[in-house]
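The values are calculated or read from the model by the stated rules, or taken from the named source; none is laboratory data. Model, not experiment: these values are computed from the prediction. Neighbour counts are summed over all protein chains in view; Cβ atoms, including those assigned to glycine, are modelled from backbone coordinates with ideal geometry.
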Protein chains: 2
Amino acid sequence: MATNTLPRLEVCLSPALLHLYDTKGAVVVIIDVFRATSTIAAALHNGAKSVIPVAAVQECIELGSQIEDSITAGERDGKVAEGLQYGNSPSEYPKEFIDGKTLVLTTTNGTRLLHMVKDADIIITGSFLNLSAVCDFLIASGKNVLLGCAAWKDRFNLEDTLFAGAVVNRIKEHYTINCDSARAANYLYVHSAETSFIEFLKDSSHYKRLSAYGLASDMEYCATPDLHPVVPILKGRELVIYQ
Amino acid sequence: MATNTLPRLEVCLSPALLHLYDTKGAVVVIIDVFRATSTIAAALHNGAKSVIPVAAVQECIELGSQIEDSITAGERDGKVAEGLQYGNSPSEYPKEFIDGKTLVLTTTNGTRLLHMVKDADIIITGSFLNLSAVCDFLIASGKNVLLGCAAWKDRFNLEDTLFAGAVVNRIKEHYTINCDSARAANYLYVHSAETSFIEFLKDSSHYKRLSAYGLASDMEYCATPDLHPVVPILKGRELVIYQ
């Protein structure tokens, strides 16, 4: 196949830059490694019927009251938000707990980005927990790809960028890349792999914030590749396993 | 000095993210390596009385007609813009040509960012050509610092980020850094230094665009550290050498 017929692969480093990218007809991967998209992969792989991402705590409570067998979850400032039942840790959703249930999840950065993407053909979520599944899905789709980092309140963050870099590194031969963000993400990923991912991140803003909340083990979990090899795909308002 | 009394050092990767940073009372470094801030350093070091950065070609022509001994310069799509006299290459401004003159320069990305910064205490411009001078100035100022990458039409670019990383790498011991963009820029710079800066950039979007215009030698020039060791500082509408 000639290079110019390959689909396009780009990386958006912050929701505030999303308008620069043409997502029409593309697959958009929502990336919020710490911890929304990690929790989504874990919950679905462990049997959740679906995950409904919502922006506000109140909306989460209301949806939870309407949907049978639902769990409402979400954190603000590292604690379970008032009125919700559970937090935003992937380890809170083992099979014996989440199997068959609907998880209504409110997060700030990841959910916001997901709702901002308007005209993509397909929206999926990515994290290290489902890295290979996401890469396989993207290649098989044959579509243009935008890797969208949820970032932190619009600020660039290392963990989402490193995951984007891991994807770029794995699938770059299948795409045309004319995007410095993709190049930088790939370089950072390669550089981080020289030590260890979590060691590399220990100096990052989000790692410091979450470890101050006692969540270091959560981050180790989120950094484990392919523990939950599913592709969460958005159908209407729900994320379900792509099959 | 205790860590928490050190001033803050941050990196803004795109003008579209500028609103996330508090620049009040800070030094902002405008970075447009290919080629506005390189040309500014070269012109001032070679004797230009001042450089006036303007956004539009028409404004450039009008100012040029009002100011004695002025040169109007600027490019669009890699060619001297219609109505202007010279281009945006630092090599166009040797001492015998620019000495004593005012350079009215229109550029897209760098000028725009410079005009977007409203409340900084000090605005200077940075490039590899004046890397050490900029670093020395920042440390001596004792102020909070924002390194502002001009990017390319708001898209992240590698060359401006690498320069920001070079500055972070040199001066980080003097600052508190809680900014993943600064960390990433530093990592990318360290990684690029393992090969050579220009080799690293050869795969970047802007390098490809400019080399298609026959400007590869310009980029080699712009990548040379400390060839023009001056600090261009904004006074009113003019950039002059800080003394």
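Considering the range A:1-35, and only residues there that are modelled with pLDDT under 95 and within 17 Å of the chain's Cα centre (by Cα), the residue that is farthest from A:A185 (Cα to Cα) turns out to be A:R35.
To keep it simple, each residue is scored yes or no on (1) buried (at least 24 other Cβ atoms within 10 Å of the Cβ); (2) closer than 26 Å to B:N157 by Cβ; (3) not basic (K, R).
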site	(1), (2), (3)
A:V117	no, yes, yes
A:V134	yes, no, yes
A:K153	no, yes, no
A:V167	yes, yes, yes
A:Y175	no, yes, yes
A:A182	yes, yes, yes
A:N186	no, yes, yes
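Screening A:Y93 on (1) crowded, with 23+ Cβ neighbours inside 10 Å; (2) under 15 Å from the mean Cα position of the chain (by Cα); (3) among the aromatic types (F, W, Y) shows it passes everything except condition (2). Residues in the range A:35-59 that are over 23 Å from A:V167 (Cα atoms) and part of a loop (DSSP other than H, G, I, E, B): A:N46, A:G47, A:A48, A:K49, A:A55, A:A56. Scanning the range B:1-34 for residues that are assigned to a loop (DSSP other than H, G, I, E, B), in contact with a Leu (Cβ under 8 Å, 6 or more places away or on another chain) and more than 13 Å from chain A (Cβ to nearest Cβ) turns up B:T23, B:A26, B:D32.
Could you list, in sequence order, the residues of the range A:57-82 that are in contact with a helix residue (DSSP H, G or I) (Cβ under 9 Å, 6 or more places away or on another chain) and at pLDDT below 95? Residues satisfying the conditions are A:G74, A:R76, A:G78, A:A81, A:E82. In the range A:211-223, of all residues being surrounded by 21 or more Cβ atoms within 10 Å (Cβ to Cβ) and of a type outside the set (D, E, K, R), the one that is modelled with the lowest pLDDT corresponds to A:L215. The set of residues in the range A:188-199 being of a type in the set (A, V, I, L, M), closer than 22 Å to B:T161 by Cα and surrounded by fewer than 18 Cβ atoms within 10 Å (Cβ to Cβ) consists of A:V190, A:A193.
Can you find a residue that is modelled with pLDDT of 90 or more and in contact with a Phe, Trp or Tyr (Cβ under 7 Å, 6 or more places away or on another chain) anywhere in the range B:198-207? No, the range B:198-207 has no match at all. Taking the criterion of being assigned to a loop (DSSP other than H, G, I, E, B), among the polar types (S, T, N, Q) and in contact with a Leu (Cβ under 9 Å, 6 or more places away or on another chain), the only residue of the range B:194-211 that qualifies is B:S204.
Under the condition of being over 20 Å from A:L131 (Cα atoms), more than 14 Å from chain B (Cβ to nearest Cβ) and assigned to a helix (DSSP H, G or I), the residues counted in the range A:212-238 number 1. When the criteria are applied in full, A:I177 meets the requirement of being aliphatic (A, V, I, L, M) and within 14 Å of chain B (Cβ to nearest Cβ). The residues on offer are B:I139, B:I122, and the sole one that is in contact (Cβ under 8 Å) with a residue 40 or more places away in the chain and aliphatic (A, V, I, L, M) is B:I122. Among the residues examined, A:I52 does not qualify as hydrophobic (A, V, I, L, M, F, W, C), in contact with a Cys (Cβ under 7 Å, 6 or more places away or on another chain) and at negative phi. For the residues B:I171, B:I123, the requirement of being part of a strand (DSSP E or B) and at pLDDT 95 or above singles out B:I123. Confirm whether A:Y221 is in contact with a Pro (Cβ under 7 Å, 6 or more places away or on another chain) and within 23 Å of A:D121 (Cβ to Cβ). In short, no. Across the range B:182-208, the qualifying residues are those that are in contact with a strand residue (DSSP E or B) (Cβ under 9 Å, 6 or more places away or on another chain) and within 15 Å of B:M219 (Cα to Cα), and the one among them that is nearest to the other protein chains (Cβ to nearest Cβ) is B:S205. Taking the criterion of being modelled with pLDDT of 95 or more, closer than 22 Å to B:D203 by Cα and more than 14 Å from chain B (Cβ to nearest Cβ), would at least one residue in the range A:153-167 satisfy it? Scanning the range A:153-167, I find at least one residue that is modelled with pLDDT of 95 or more, closer than 22 Å to B:D203 by Cα and more than 14 Å from chain B (Cβ to nearest Cβ), so the answer is yes. Can you say whether A:A140 is within 14 Å of another protein chain (Cβ to nearest Cβ), under 24 Å from A:T23 (Cβ atoms) and either touching a helix residue (DSSP H, G or I) at 6+ places or on another chain (Cβ under 7 Å) or hydrophobic (A, V, I, L, M, F, W, C) (or both), as far as the supplied structure shows? In short, no.
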